[in-house]
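Enquirer: I have a structure here, written as structure tokens, and I will follow up with some questions on it.
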Amino acid sequence: MTVKISNQIVGYRVKKADADATEHQAPVHAETKPVEMNENIERPDFLLGTTYKIKPPVAEHAMYITINDILLNEDTDHESRQPYEVFINSKSMEHFQWVIALTRVISAVFRKGGDVTFLVEELRSVYDPNGGYFKKGGVFMPSLVAEIGAVIEKHLKAIGLLENDELSETTKRILAEKRAEFEASQSTATNDDTSNDYPANATMCGKCNTKAVIVMDGCATCLSCGDSKCG
Ligand SMILES: [Zn+2]
């Protein structure tokens, strides 16, 4: 069939072979596209927030890191939770200036949209020339900036923007058994170091930066991430 087009062509649509007859009338509106994070999105009056407490030894008082998220495309198939802003509060004033600057820059990156997960690696790889510190539980933090990065990582995992690499239940059970066996074999084992979750003589793991590596039967096993080397 030939159709003479006498008017100007202002748009077209490719017909799908399996298109539903009732569907072909539906106009394609630009506004049905899901909203992506961008800096023109107006801040709603309330946002969903999560506050994380950290107690770095390099600061006199605890620090409270609040990350507020915005819900985009609420109640649609495209609903997504995106970080919108970050605040850090503390009684300590010694880091005040750069902490405020850092939170403003991070918030600005969040609002720009796109992939913000690169921030985690950038922050976590900042090394304090004075040497970093061990957190409770034996995890090594190369700097306060890195610990802020670790909190953002935890948050992005919680809202599903980063993959959660939590150990499987089976791995956890095997590590717990190994640990019990190791502790039983240590006649000198004492439990006085309660600030450390892992055996006192555990050594540093190169994979997860935690003092949790024990040697048993010629194999070095990390009780934190399960990394193991034999020989
Ligand atoms: Zn490890």
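Enquirer: Report the local net charge at residue 110: Lys and Arg +1, Asp and Glu -1, summed over other residues whose C-beta lies under 10 Å from its C-beta.
Expert: -1
Enquirer: In terms of modelled amide H atoms, which long-range or inter-chain residues lie less than 5 Å from the amide H of residue 211?
Expert: Hits under the 5 Å cutoff: 139, 140, 205.
Enquirer: Now, a different point. Once ligands and nucleic acids are excluded and a 1.4 Å probe is used, how much of residue 78 is accessible, expressed in Å² to the nearest 10?
Expert: Surface accessible to solvent at residue 78 totals approximately 100 Å².
Enquirer: Here's something else I'd like to know. Could you sort 152, 5 by their accessible area in this structure, using a 1.4 Å probe and putting the largest first?
Expert: 5, 152
Enquirer: Same structure again: So how much accessible area does residue 43 have, in Å² to the nearest 10, using a 1.4 Å probe?
Expert: For residue 43, solvent-accessible area is about 100 Å².
Enquirer: So with the 1.4 Å probe, I'd like the accessible area per residue for the chain, rounded to whole Å².
Expert: Per residue, the chain has 69 Å² of solvent-accessible surface.
Enquirer: Oh, and also: Mind telling me which of 33, 157, 178 comes out most flexible in a GNM of the chain, alpha-carbon contacts under 10 Å?
Expert: Greatest mean-square fluctuation among the candidates belongs to 33.
Enquirer: If you roll a 1.4 angstrom probe over the protein chains with everything in place, what fraction of the accessible area of the stretch 71-115 belongs to carbon and sulfur, to the nearest %?
Expert: On the way: 1500 of 2880 Å².
Result for the stretch 71-115: 52 percent of the exposed heavy-atom area is carbon or sulfur.
Enquirer: Sort all Cα-Cα distances of the chain into consecutive 5 angstrom bins from zero, then give the percent of pairs in each bin up to the one containing the longest distance.
Expert: In order of increasing distance, the bins hold 1, 5, 10, 13, 12, 11, 10, 9, 7, 5, 4, 4, 3, 2, 2, 1, 1, 0, 0, 0 percent.
Enquirer: In what order, largest first, do 2, 170, 221 sit by accessible area if the probe radius is 1.4 Å?
Expert: Most to least solvent-accessible, the answer reads 2, 170, 221.
Enquirer: A 28 angstrom limit on the alpha carbon distance is what I want to check against. Which of 112/172; 4/33; 91/172; 91/211; 55/211 exceed it?
Expert: 112/172; 4/33; 91/172; 91/211
Enquirer: Give the accessible area for residue 143 in Å² (nearest 10); use a 1.4 Å probe, count only protein heavy atoms, and leave out ligands, DNA and RNA.
Expert: 10 Å²
Enquirer: If I take the Cα coordinates of the stretch 48-158 and project them onto the principal axes, what are the three extents in Å, biggest first?
Expert: That works out to 48, 24, 24 Å along the principal axes.
The values are calculated or read from the model by the stated rules, or taken from the named source; none is laboratory data. This structure is a prediction, so every number in the text was calculated from the model and none was measured. Every residue, glycine among them, receives a Cβ derived from its backbone with ideal geometry; neighbour counts consider all protein chains shown. To get the accessible areas, we keep the full protein, side chains included, count just its heavy atoms, and leave off ligands, DNA and RNA. Shrake-Rupley method; radii C 1.70, N 1.55, O 1.52, S 1.80 Å.
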